[in-house]
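The numbers here are math on the coordinates, done by the rules we state, and not lab data. None of the values given here were measured: they were computed from a predicted structure. Cβ sites come from the backbone with ideal geometry, for glycine too, and all protein chains shown count toward neighbours.
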Amino acid sequence: MNPLQRWPALITIGMLAVELACWAWLFTHMACAHPIGNGLASLTAFILIPIGFMALIEAQELPPAQLPSTHIAAGAAGGDKDSR
């Protein structure tokens, strides 16, 4: 079974912990002194974690959408000449 479907709460908590760690790193370390660390923290916080959240949301099985009927009654839109 897909781990995203099996443990969504655990994965969400883990991703939030990593996100907070990245933000903490970015706020407490100077960019000029730690360019590689800040680059990796930025990549993780602003690209990888959001992609992970999108994958987590996409993995959830949602019920099919209930769309309104697209049936149009004859003449309701004024398309045929007999209804005028």
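Please enumerate the residues belonging to the stretch 13-47 that are closer than 22 Å to E61 by Cα and surrounded by 15 or more Cβ atoms within 10 Å (Cβ to Cβ). Answer for the stretch 13-47, where residues must be closer than 22 Å to E61 by Cα and surrounded by 15 or more Cβ atoms within 10 Å (Cβ to Cβ): just M15. Taking helices (runs of 4 or more DSSP H) as the structural unit, those lying wholly within the stretch 1-63 and holding at least 3 residues that are in contact (Cβ under 8 Å) with a residue 40 or more places away in the chain correspond to 8-28, 49-59.
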